[in-house]
Amino acid sequence: MRLSRNAISWLREGRWLSKYAALVLGFMVVVILEGAVVRATGSGAGCGQHWPLCNGQIIPHHPRVATIIEFAHRSLTGILSTLVITLALWTFFSRPKGHPARRAMGWTLVLLLVEALLGAVLVLGQYVEHNTSNARVFVQGIHFTNTMLLLAALTLTWWWSADREEDGTPLPPETRTVAWVAVLASILTGAAGSVAALADTLFPSTSFVEGLRADLSPTAPLLIRMRWIHPTAAVIAFVCALWFMVRLRTTPARWFAALMALQLVLGAMDVVLLAPLWLQVAHLAVADAVWAALIVACSHLLIRRPAPALQFAIHTT
């Protein structure tokens with residue numbers, strides 16, 4: 001009985017909540033990267049037109065390589081969903097009503113549900129493998145945008161669950177404006193990047209010059225003609241990163257600027273080396289880190305939050 005009470009008290013205090021949230025956040029990045037492998041290897045139809053089952057089975061028998069890759073992604077997604085639900089229960093149990101971590105957790109649950117539905121649309125709508133339709137371009141962009149928003153909500157859940165003390169010094173309106181521009185530019189960069197990566201997979205180029213000619217050709221498929229959006233948005237986001245580094249002078253802002261510079265280098269390598277799989281995964285991993293750093297840097301600028309409670313009372317009878 002005493003052990004049970006101690007466990008309940010420990011859970012209510014939530015001392016390890018932020019550490020668990022960080023674990024869930026890291027696992028989500030792994031799921032995102034594995035999803036990139038699914039897209040790059042053309043394994044999206046590895047489980048056929050079945051969702052959530054794989055080829056009509058809970059565990060596929062005698063699977064081919066594409067089936068193993070797609071089934072691994074679905075399995076990791078299922079584990080992630082379980083981890084997120086556990087995090088939600090712990091967050092609502094240990095944090096009081098109105099706490100910002102609760103709000104972020106609520107958005108995480110909503111966006112996770114939308115993510116699952118979009119994944120079903122991709123499979124059941126056959127927007128996988130060699131599908132080059134404009135509808136796939138649209139669905140792909142929406143899907144990755146939702147993924148970014150889900151990652152942002154989970155990042156805020158982690159960041160706010162620790163009740164860090166933040167500098168409440170008011171900042172000029174232009175800084176807040178740049179913050180919003182950076183967020184929107186980053187979302188556009190991510191969505192356009194997913195489309196550009198899809199174009200590289202479906203229409204691989206044999207050389208850098210050939211790829212550049214295809215980008216400028218009026219007869220090229222829509223996927224190819226949209227590739228220019230990704231580097232343009234990335235440059236805008238980098239300018240905002242430099243502004244943050246100079247204006248805010250906070251650790252998250254410096255991390256955002258440094259990671260953004262690394263991301264531009266990886267992006268250039270991706271183009272020159274014709275997007276090998278390992279570089280696509282590395283590019284996406286750094287993109288996730290850039291996005292998380294930006295969200296943390298902007299958290300106290302874009303969202304009003306009450307002063308953090310340093311201690312939470314343990315209700316006893």
Matching residues in segment 196-219 - criterion: being hydrophobic (A, V, I, L, M, F, W, C) and under 17 Å from SER133 (Cα atoms) = ALA196, ALA197, LEU198, ALA199, LEU202, PHE203
Name the residue, out of LEU266, LEU262, LEU273, that is surrounded by fewer than 20 Cβ atoms within 10 Å (Cβ to Cβ) and without any contact (Cβ under 8 Å) to a residue 12 or more places away in the chain.
-> LEU273
Checked segment 189-207 for anything surrounded by fewer than 12 Cβ atoms within 10 Å (Cβ to Cβ) and closer than 12 Å to VAL272 by Cα; matches are THR206, SER207
Any residue in segment 119-139 that's free of Cβ contacts under 8 Å to residues at least 40 places away in the same chain and surrounded by 17 or more Cβ atoms within 10 Å (Cβ to Cβ): show its pairings with residues that are part of a loop (DSSP other than H, G, I, E, B) and not aliphatic (A, V, I, L, M) at Cβ separation under 6 Å, as long as the two are six or more apart or on different chains.
-> VAL139/TYR127
Name the single residue, out of those in segment 222-237 being crowded, with 20+ Cβ neighbours inside 10 Å and without any contact (Cβ under 8 Å) to a residue 40 or more places away in the chain, that is nearest to LEU264 (Cα to Cα).
-> ARG227
Only residues in segment 281-298 that are surrounded by fewer than 23 Cβ atoms within 10 Å (Cβ to Cβ) count as the first member; pair them with residues that are not in a helix (DSSP H, G or I), Cβ under 7 angstrom, at least 6 apart or cross-chain, and list the lot.
-> none
Counted residues in segment 201-214 being assigned to a helix (DSSP H, G or I) and over 27 Å from the mean Cα position of the chain (by Cα) come to 7
The lone condition THR219 fails out of (1) touching a residue at least 24 places away in the same chain (Cβ under 8 Å); (2) part of a loop (DSSP other than H, G, I, E, B) is (1)
Please state which of the following conditions ILE59 fails to meet, knowing it meets all the rest: (1) outside any helix (DSSP H, G or I); (2) under 28 Å from PRO276 (Cα atoms); (3) among the hydrophobic types (A, V, I, L, M, F, W, C).
-> (2)
Only unsatisfied item for ARG249, checking (1) assigned to a loop (DSSP other than H, G, I, E, B); (2) in contact (Cβ under 8 Å) with a residue 60 or more places away in the chain; (3) closer than 23 Å to THR175 by Cα, is (2)
Which is of a type in the set (Ser, Thr, Tyr), buried (at least 18 other Cβ atoms within 10 Å of the Cβ) and closer than 29 Å to ARG225 by Cβ, of THR91, THR147?
-> THR147
Do we have any residue at all in segment 45-55 that's surrounded by 13 or more Cβ atoms within 10 Å (Cβ to Cβ) and under 21 Å from the mean Cα position of the chain (by Cα)?
-> no
For PRO96: the one exception among (1) modelled with pLDDT of 90 or more; (2) of a type outside the set (D, E, K, R); (3) part of a helix (DSSP H, G or I) = (3)
Only one of these conditions is not met by PRO63: (1) without any contact (Cβ under 8 Å) to a residue 24 or more places away in the chain; (2) over 24 Å from LEU202 (Cα atoms). Which number is it?
-> (2)
Quick check: is even one residue across segment 234-241 more than 17 Å from MET148 (Cβ to Cβ), at pLDDT 85 or above and within 21 Å of the chain's Cα centre (by Cα)?
-> yes
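The values are calculated or read from the model by the stated rules, or taken from the named source; none is laboratory data. On a predicted model such as this, the values are computed, not experimentally measured, just so you know. With ideal geometry, Cβ positions are generated from the backbone for all residues, glycine too; neighbour counts draw on all protein chains shown.
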